[in-house]
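Asks: Below you will find the structure I want to go over with you.
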Amino acid sequence: MCDQTFLVNVFGSCDKCFKQRPLRPVFKKSQQLNYCSQCAEIMASDGLHESETLAALRSEAESLKGKLEEERAKLHDVELRQVAERVEALGQFVMKTRRTLKGHGNKVLCMDWCRDKRRIVSSSQDGKVIVWDSFTTNKEHAVTMPCTWVMACAYAPSGCAIACGGLDNKCSVYPLTFDKNENMAAKKKSVAMHTNYLSACSFTNSDMQILTASGDGTCALWDVESGQLLQSFHGHGADVLCLDLAPSETGNTFVSGGCDKKAMVWDMRSGQCVQAFETHESDINSVRYYPSGDAFASGSDDATCRLYDLRADREVAIYSKESIIFGASSVDFSLSGRLLFAGYNDYTINVWDVLKGVRVSILFGHENRVSTLRVSPDGTAFCSGSWDHTLRVRSPAYFPAGDRRR
């Protein structure tokens with residue numbers, strides 16, 4: 001989203017020419033150096049033959065990319081909607097707001113559920129991170145960060161810690177205790193350090209490792225206890241805005257999306273990109289794995305949500321309408337995978353039938369753009385956060401036929 005995009009370059013002394021210029025990180029034999037654009041181009045050209053100019057190599061890469069797309073198109077023999085023609089349609093259904101969480105003094109930017117299906121952590125532009133009891137709407141913990149725009153937060157799998165960060169370029173982990181009067185800031189542990197803002201974070205399947213995404217164009221895997229960088233992921237050409245870990249207990253992959261319009265699937269062990277998809281026409285604000293882990297959805301500023309099948313290695317569905325002209329800021333699946341919830345900048349949440357590609361419901365209530373949305377671990381409710389400073393917890397008044405969330 002353009003409202004959350006900040007300058008990636010840092011001004012300082014170039015490690016090669018030593019002139020004061022805007023810098024960008026360059027990795028040489030796993031060592032990070034800060035080069036100006038001119039020195040970075042010279043380094044990239046070192047060792048090339050006369051005919052191997054950067055322009056020629058770029059042209060060759062584009063040609064190869066085109067051939068790959070042609071091969072993909074040959075396998076594109078049927079649409080998902082055609083396959084789902086015989087599947088029973090979902091009727092209109094009603095979602096009711098069960099709780100409204102009020103306490104933030106500015107835009108809510110991110111939220112996450114605890115695995116106990118009750119507690120929620122949220123972060124805001126007011127510089128605060130709040131842990132809520134979604135049943136009672138009480139605030140159980142509150143942390144004031146050293147900066148505003150706390151753009152990322154996440155609950156640890158054990159429920160005993162939270163992670164958060166934003167314009168401070170760090171990911172900080174706070175342990176949670178039963179003593180609500182305890183000074184949480186005193187137990188803060190700075191785990192990750194990027195060269196630009198932190199846009200997203202997610203614990204892996206344990207409390208000991210955490211994934212982060214940043215405006216510096218990278219993702220990284222960190223050891224929580226030591227703060228050591230375990231693996232870095234380079235490949236995005238602009239700010240990385242979102243990430244999601246594969247749902248499998250032994251999953252070693254995650255997906256990320258960013259301002260370069262790309263969604264990339266990464267191997268956490270090797271640090272390599274194993275699949276990339278570039279069909280959106282604008283920034284990708286949100287990515288979320290399908291419950292089985294065989295596909296993922298994305299939401300973009302181009303006003304569409306898209307579904308990518310990892311086994312087919314291609315986009316299989318687009319969720320859009322001519323009347324939707326505002327960007328999608330956040331997406332998540334129902335527990336069964338039949339529904340896709342998408343929050344938009346026009347203050348609404350659209351609910352899509354994943355198989356048939358049609359909208360089955362529009363949810364109103366927020367008074368500003370919907371910035372974050374997550375379905376609860378048991379699938380019985382979902383929570384949305386908004387620039388109207390509130391979070392809303394909703395659940396269906398009744399479940400539509402065909403959705404087995406109960």
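The values are calculated or read from the model by the stated rules, or taken from the named source; none is laboratory data. Note that the structure is a prediction, hence the values are computed from the model and not measured. A quick note on method: Cβ atoms are made from the backbone with ideal geometry, for glycine too, and the neighbour counts reach across all protein chains shown. With ligands, DNA and RNA removed, areas are computed over all heavy atoms of the protein, side chains included. Shrake-Rupley method; radii C 1.70, N 1.55, O 1.52, S 1.80 Å.
Asks: For the chain, what is the mean residue ellipticity at 222 nm derived from helices alone (per DSSP H run of n ≥ 4: -39500 (n - 2.57); sum divided by total residues; nearest 500 deg cm²/dmol)?
Replies: Dividing the helical sum by the residues of the chain leaves -2500 deg cm²/dmol.
Asks: By how many nm would the segment from Lys19 to Arg72 lengthen if fully extended, with 0.36 nm per residue of separation less the alpha-carbon distance?
Replies: 14.5 nm
Asks: R0 = 35 Å: FRET efficiency of Lys96 with Gln31, Cβ-based, nearest 0.05?
Replies: The value I calculate is 0.05.
Asks: What chymotrypsin sites (Phe, Trp or Tyr not before Pro) does the range 85-152 have in DSSP loop regions with at most 15 other beta carbons within 10 Å?
Replies: Phe135
Asks: Let me ask something additional. Using the heavy atoms of the protein chains alone and a 1.4 angstrom probe, what is the accessible area of the chain per residue in square angstrom?
Replies: Per-residue accessible area for the chain comes out at 46 Å².
Asks: In a shell of Cβ-Cβ distance under 9 Å around Asn106, excluding Asn106 itself, what net charge do Lys and Arg (+1) and Asp and Glu (-1) give?
Replies: +1
Asks: Between Thr380, Thr390, Thr136, find the one with the highest GNM mean-square fluctuation for the chain; connect C-alpha pairs within less than 10 Å.
Replies: Of Thr380, Thr390, Thr136, the Gaussian network model singles out Thr136 as fluctuating most.
Asks: Just list whichever of Lys16/Lys65; Lys139/Lys188; Lys65/Lys261 have alpha carbons separated by over 24 Å in the model shown.
Replies: Correct reply: Lys16/Lys65.
Asks: Can you send over the carbon and sulfur percentage of the accessible area for the chain, probe radius 1.4 Å, protein chains only?
Replies: Carbon and sulfur atoms account for 49 percent of the accessible area of the chain.
Asks: Take the Cα pairs of the range 251-406, get the Kirkwood Rh, then feed it into Stokes-Einstein at 25 °C and 0.890 mPa s and tell me D in µm²/s.
Replies: My calculation gives 156 µm²/s for D.
Asks: Between the range 69-143 and the range 265-310, how far is it from one alpha carbon centroid to the other, in angstrom?
Replies: If we compute the Cα centre of each part, the gap is 16 Å.
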